[in-house]
Amino acid sequence: MSDALKKLAGQAALEFVQDGMKLGIGTGSTAEAFIRVLGEKVAEGLQIIGVPTSERTRALCEELNIPLTTLDDTPQLDLTIDGADEIDPSLSLIKGGGGALLREKIVAAASDDMLVIADESKLVNPLGAFPLPIEVNPFGLAATKIMIEGVAEELGLSGPLDLRMVVGDTPFITDGGHYILDASFGRIVDPKTVSVALNGVPGVVEHGLFTGLASRAIITNKDGARIVEAADKT
Ligand code: 5RP
């Protein structure tokens with residue numbers, strides 16, 4: 001996705017932001033484009049308060065003087081605006097390419113609505129070409145991996161579970177202090193069922209399947225930005 005398309009998505013998302021809103025603020029390069037235009041509007045007088053979905057997003061918001069709060073002080077938000085790695089027709093998502101899926105899901109779930117911003121290459125049917133990030137507790141990693149494989153097999157899914165690395169043999173650590181397994185399961189035709197099954201595995205903290213959270217997406221391409229509504233919010 002070009003920087004221009006990301007900026008276009010960010011600008012289009014501003015249309016959904018109203019004075020006084022409590023916003024969930026996403027993570028990733030598309031969310032960053034939104035944060036930058038949001039910062040400009042705040043500098044011009046827009047009154048919003050935001051909950052960042054990662055330390056990276058917090059740092060950028062602070063740099064741009066975007067007022068921030070926490071879910072402890074502000075547990076109910078109006079709208080979360082965030083990117084995605086894949087989007088299916090019912091607006092089920094794969095997220096977590098940037099490793100922020102746990103906070104992203106908590107913040108989106110605490111919001112009345114979630115607006116996804118992405119370019120049209122992220123539209124897929126079904127989900128699954130992008131490896132599914134699964135956030136796991138470092139304790140018992142090998143055992144958790146075997147249990148995930150077992151649950152996946154029962155659902156007809158298989159494929160490598162790769163521990164995400166930063167460099168060499170240093171694992172990527174999330175903001176919550178966990179590891180990420182990137183699961184190359186391939187086609188995920190029933191994300192809700194897979195979501196529930198993965199959440200039942202001890203050691204799995206959260207995973208990147210977002211179902212029933214987003215009701216709209218702003219999709220950009222070279223011709224501009226359009227709104228896509230969830231075909232079926234499950
Ligand atoms: C971070 C995410 C991002 O929203 C997702 O990876 C998309 O990022 P980008 O806008 O850079 O393509 O889920 O955890």
For the stretch 97-130, name all the residues that are within 15 Å of Ala214 (Cα to Cα), near the ligand (Cβ under 9 Å from one of its atoms) and either open to solvent by 40 Å² or more (accessible area, probe 1.4 Å) or outside any helix (DSSP H, G or I) (or both). Val116, Ile117, Ala118, Lys122
Of the residues in the stretch 50-60, those that are open to solvent by 60 Å² or more (accessible area, probe 1.4 Å) and in contact with a Lys or Arg (Cβ under 6 Å, 6 or more places away or on another chain) come to none
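Can you pull out every residue in the stretch 191-205 that is free of Cβ contacts under 8 Å to residues at least 24 places away in the same chain and either among the hydroxyl-bearing types (Ser, Thr, Tyr) or assigned to a loop (DSSP other than H, G, I, E, B) (or both)?
Residues of the stretch 191-205 free of Cβ contacts under 8 Å to residues at least 24 places away in the same chain: 195-196, 199.
The one that is free of Cβ contacts under 8 Å to residues at least 24 places away in the same chain and either among the hydroxyl-bearing types (Ser, Thr, Tyr) or assigned to a loop (DSSP other than H, G, I, E, B) (or both): Ser195.
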I need a count of the residues in the stretch 158-188 that are surrounded by 15 or more Cβ atoms within 10 Å (Cβ to Cβ), assigned to a loop (DSSP other than H, G, I, E, B) and of a type in the set (A, V, I, L, M, F, W, C). 2
Total residues in the stretch 51-81, condition of a type in the set (D, E, K, R), in contact with a Leu (Cβ under 9 Å, 6 or more places away or on another chain) and over 18 Å from Gln18 (Cβ atoms): 2
Step by step: first the residues of the stretch 131-156, then only those that are free of Cβ contacts under 8 Å to residues at least 60 places away in the same chain and open to solvent by less than 60 Å² (accessible area, probe 1.4 Å), then the one that is farthest from the ligand (Cβ to nearest atom). Which residue is that? Gly150
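Restricting to the stretch 17-46, and then to whatever is more than 16 Å from the ligand (Cβ to nearest atom) and within 23 Å of the chain's Cα centre (by Cα), can you tell me which residue is surrounded by the fewest Cβ atoms within 10 Å (Cβ to Cβ)? Please lay out each step first, then the result.
From the stretch 17-46, those more than 16 Å from the ligand (Cβ to nearest atom) are 17-22, 39-46; that's our starting set.
When the remaining residues are screened for being within 23 Å of the chain's Cα centre (by Cα), the result is 17-18, 21-22, 39.
Numbers: Val17: 20, Gln18: 12, Met21: 15, Lys22: 19, Gly39: 17.
Filtering first and then ranking leaves Gln18.
Do you know which residues across the stretch 199-229 are open to solvent by 10 Å² or more (accessible area, probe 1.4 Å) and β-branched (Val, Ile, Thr)?
Result: Val204, Val205, Thr211, Ile227, Val228.
The values are calculated or read from the model by the stated rules, or taken from the named source; none is laboratory data. These numbers were taken from a predicted model, which means no experiment stands behind them. All Cβ positions, even for glycine, are placed from backbone atoms using ideal geometry, and neighbour counts span all protein chains on display. Surface areas here come from the heavy atoms of the whole protein model, side chains and all, with no ligands, DNA or RNA. Shrake-Rupley method; radii C 1.70, N 1.55, O 1.52, S 1.80 Å.
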